[in-house]
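The values are calculated or read from the model by the stated rules, or taken from the named source; none is laboratory data. These numbers were taken from a predicted model, which means no experiment stands behind them. Please note: Cβ atoms are built from the backbone with ideal geometry, for glycine as well, and neighbour counts cover all protein chains shown. Just so you know, the surface numbers come from the protein's heavy atoms only, side chains and all, with ligands and any DNA or RNA stripped out. Shrake-Rupley method; radii C 1.70, N 1.55, O 1.52, S 1.80 Å.
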Amino acid sequence: MQAIIQAGGAGTRLKSITGDLPKPMVSINGKPILEWQILSLKQSGIIDVTIVISKNGNAIKEYFKDGKDFGIKISYIVEEIPLGTAGGLYFAKEFIKDDFFLVFGDLMLDIDWGRYRDYALSKKALLVPLAHPNSHPFDSDLLVIDESNKILRIDSKHNVRDYYYKNLTNAGIYWCDHNILELIDEPKKIDFEKEILTSTIERGAAFVYKSSEYVKDCGTPYRYYSVENDCKNGIISAKRLSNKQKAIFLDRDGTINVFGDFVRNASKLELIDVAPEAIKLIDESEYLPIVITNQPVIARGETTFDELARIHNKMEVLLGEKNAYLTDIYFCPHHPDSGYEGEVKELKIVCDCRKPKIGMLLKAASEYNIDLSKSWFIGDTSQDVQTGINAGCKTIRVTSGDPRPNKKYENAVPNYVANDILEAVKLILNKK
Ligand SMILES: [Zn+2]
């Protein structure tokens, strides 16, 4: 397996920190960003790397040389004139033998590349960008996907968004089939996202790899210092998916959004005022915030899968406006008792996912390599507490939601009781 690191860009916004150094050479905790990338690749056995540099990129070549001191082999492509984010790949054909990763050199990251590649190969795709939610979806290009993770289109940040959208953005890392190089047939200025990704989407051959791993650019002094902090605290490597993850599972109704009548359409969803702050604290910690919700309103025919998606998009938009985001949302659309008017017969079943069963947690644990015994469940009902207990998690019951006692689970005793999600999250994270 090989990788190409695109390190040709300028990066003027960081001049106060870097002076005239190319941005990938910015030091984070004593090492250039590019070196962190190389160490991450190497940990997955990728030891054949090509770096694209501009003619001002000598500092990179002088530091890494042929890569021997870093235990890898490095080749260089030097752009005499700027060729955009993809034009330089024209010259990569002589180095690249098979599928490869393309990485932008100003990203601080740590990724389990083997897991990523296995997923990409299973999709039989041409291009698989790594996608994740971010803290500013409102001014980001978004990837619109179907249920198989195929990318349908890019929702440009310049669009007037008078609709609810899913917080899913392109992280700037791509798994590429070797044939992608055929699309770059001359050494001219080409934009990877605008031209190569877009044309691959149009061919139906681009899928996302959703990852909770750490990928952030350090493009402004503020971001730079927060990334350096995360590096010092070990958060960047802890989130690599080859390491066991810790989650804070969150119930939805009464925990994140205001408890009331069932939320049957998006206009009914209203966040609890402290929910964005609580979820942002989780985002900044080593835990993953993951929603686990029973939505029997679908089985009862009171709402549809499409409307539920709109409800969840609204939740993501409202959280995103406050710079908070969820790793993922799992829901159970089933209900066991049939015989009601308007119900959806095939969803009226005894399933493995309806809380307090733990099917949704097991699925999340498999998709994000989560250690359930080091994870927490926060919810407003004893059914939530029972779910957490069944999965081996620690539990907190919040009193912000459903006040009715549930006799069925009256023996489910939580580890703590808190007023709301913010108090609960602060308890877990030991914050005042
Ligand atoms: Zn279910």
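Assorted remarks:
- The stretch 317-385 and the stretch 179-198: distance between their alpha carbon centers, rounded to Å: 41
- For the chain, the longest piece that avoids every one of the chymotrypsin sites (Phe, Trp or Tyr not before Pro) found in DSSP loops with at most 14 other C-beta atoms within 10 Å covers 1-162.
- C-alpha long axis of helix 113-122 to longest principal axis of the chain, angle in °: 80
- Percentage, to the nearest whole number, of Cα pairs in the chain over 31 Å apart: 43
- Helix-only CD estimate at 222 nm, as mean residue ellipticity for the chain, using -39500 (n - 2.57) per DSSP H run (n ≥ 4): -7000 deg cm²/dmol
- Sparsely packed loop sites in the stretch 355-432 (the GluC sites (Glu not before Pro) outside DSSP H, G, I, E and B with at most 16 other Cβ atoms within 10 Å) comprise Glu410.
- Exceeding the 30 Å Cα-Cα cut-off - candidates Lys68/Lys232; Lys189/Lys314; Lys314/Lys355; Lys61/Lys210; Lys124/Lys166; Lys31/Lys363: Lys189/Lys314; Lys61/Lys210; Lys31/Lys363
- Cross-link partners of Lys123 among aspartates and glutamates (Cα-Cα below 12 Å; sequence separation of 8 or more within a chain): Asp177
- Value of D in µm² per second that Stokes-Einstein yields for the stretch 244-429, Kirkwood Rh from Cα pairs, at 4 °C (1.567 mPa s): 79
- With each label modelled as a point 7 angstrom along the Cα→C-beta vector, the Glu147-Lys322 pair spans 3.1 nm.
- Probing with 1.4 Å while keeping every protein chain in the model, the per residue accessible area of the stretch 4-127 equals 44 Å².
- log₁₀ of I(q)/I(0) at q = 0.08, 0.13 Å⁻¹ - the stretch 2-232, Debye sum with one point per alpha carbon: -0.28, -0.77
- Principal-axis tilt of helix 382-391 within the chain, Cα atoms, nearest 10 degrees: 50
- Between Asn233 and Thr399, full extension at 0.36 nm per residue minus the direct alpha carbon distance yields a gain of 56.5 nm.
- With Cα atoms, 0 to 90° folded angle of helix 221-232 axis to the chain main axis: 80
- Segment Lys408-Tyr340, length gained on full extension (0.36 nm per residue, minus Cα span): 22.2 nm
- Long-range amide H partners of Ile173 with built H, under 5 Å: Leu130
- In this structure, Phe305 and Gln43 have a Cβ-Cβ separation that, at R0 = 45 Å, corresponds to a calculated FRET efficiency of about 0.70.
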